[in-house]
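For reference, the structure discussed in these notes is given below.
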Amino acid sequence: MRFYCIVLGAGLCVPQTVQAAEWATSASINQYFSYNDNVRMLKKKQGSFIYGLTPVLNARYTTPNSEIAASASYGIQRYAAIPEFNQDNQNYSLSGNYQTERMTYTLETSYSKTPVRNFADETGINNTAADAIRWSVDPAVTYRIAPKDNLNIQASYSEQIYSTNEIADNRFANNQNALIDLGWTRQWSERYMGGVSLIYYRYQSDPSLLLGITNNIVSNSYGINFLSNYLISDKWQINISLGYRYTDTKNNISVDEAPGEPINEALHGFITDSSLSYKGEVLSVSVNISQTLLPSGLGQLNQQSGVGVEFSYQLTERLSTMFSANYVYRKPISGLRRLAGSERQNITVTPSINYQITPDWIVSASYSYRYQNRSLNQDLIFEQEQNFQGFVADSNTVMLTLRYNWSGLSLSR
């Protein structure tokens, strides 16, 4: 199926004419050396030196009314003190768009194979050597119904598949996600754009295990979202996305392989993804707040709420610095872990400094502090200790990164 979607994407974007067509390629190589004093995020810390190398190759084909872009990377991660964590990561993507006088068609596809530790903020599980395969297909159509009005239809389908499902008494759960977003936007003035969209989101998980109880869930979420984008000045901009969602979940529970009565849950809440940003000649600042639904990888759907701040400052023509801080709170809105009262808080603080050695070479040094606080119903304390995750854990990481950017080649006809 993935192959046909990629072929469809290429076919969709084939131009009707080849006038002024251009081919372009570029590449980059990222390598880093770091030390993390608590790789597994446990109460008892274990540190390791880590080396990573990731080359990336990009290609692009453009015509006056279409574009196709592809990207591929294959990297390695090596842990000096924990060789069982030595893993590779792969990322491939293909996207295209085709435009007519009133219509814009877009299709994006992606495939990745990544160590679960690389996105441990989603699962809360750092002490695993499992891989996760993710693939997705994202089509979209925009129709200009008037000079200032657009209708937008976006869809998405993705799957996440784990290489192993065993983590002590828990179990990673493969899951499938589907999204449909129907919206209208209007450019009210030079500075202000607003609109509204209707959203349907479906999440389904394979069976997950908690304390000997197996459960798989099907969640259907419905929402309405209001969008606003206002350019306050040439340097200040505010984006507001705020809406309401209703989620209906069916829990299919079995104990010792004996099916029980399904448990239905209905919950509601708000969704948002809003930011305030400033972009000057030497200083850039952004503050964002968000609340959304995300799969956890452990067989339930999470509500994720977060706030973050980021700023960068250009000290000299070649030297710049950056600082980011994020706070995220996650709680299950479905599945056994919601009934168990499982919640998690994460804090990340990362300052860094970058130096452009040449136009193609950049070296950067950074420090990252991570903090995680997990809570469970008191009846499940033993289960939590069995998984060695701890209730509170933190880590410190120092990193030196060297990046090479190759501007590539381009051909026109």
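A short reminder: the numbers here are calculations on the coordinates, not readings from a lab. Small disclaimer: the values here were computed from a predicted structure and weren't measured. Ideal geometry is used to build each Cβ from the backbone, glycine not excepted, and the neighbour counts take in all protein chains shown.
Numbers below:
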{"item": "Identity of the residue in region 20-72, within 22 Å of the chain's Cα centre (by Cα), part of a loop (DSSP other than H, G, I, E, B) and not charged (D, E, K, R), that ends up surrounded by the most Cβ atoms within 10 Å (Cβ to Cβ)", "result": "41"}
{"item": "Residue count, region 195-212 (criterion: surrounded by fewer than 16 Cβ atoms within 10 Å (Cβ to Cβ) and either hydrophobic (A, V, I, L, M, F, W, C) or in a strand (DSSP E or B) (or both))", "result": "5"}
{"item": "Members of region 270-304 that are surrounded by 17 or more Cβ atoms within 10 Å (Cβ to Cβ) and farther than 20 Å from residue 238 by Cβ", "result": "293, 295, 296, 297, 298, 299, 300, 301, 302, 303, 304"}
{"item": "Tally, over region 342-377, of residues that are crowded, with 18+ Cβ neighbours inside 10 Å and closer than 15 Å to residue 314 by Cα", "result": "3"}
{"item": "Filter result (within 27 Å of residue 342 (Cβ to Cβ) and touching a residue at least 40 places away in the same chain (Cβ under 8 Å)) within region 88-116", "result": "116"}
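Quick grid of which residues meet (1) over 30 Å from residue 393 (Cα atoms); (2) among the aliphatic types (A, V, I, L, M):
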residue	(1), (2)
101	yes, no
105	yes, no
113	no, no
119	no, no
127	no, no
146	yes, yes
153	yes, yes
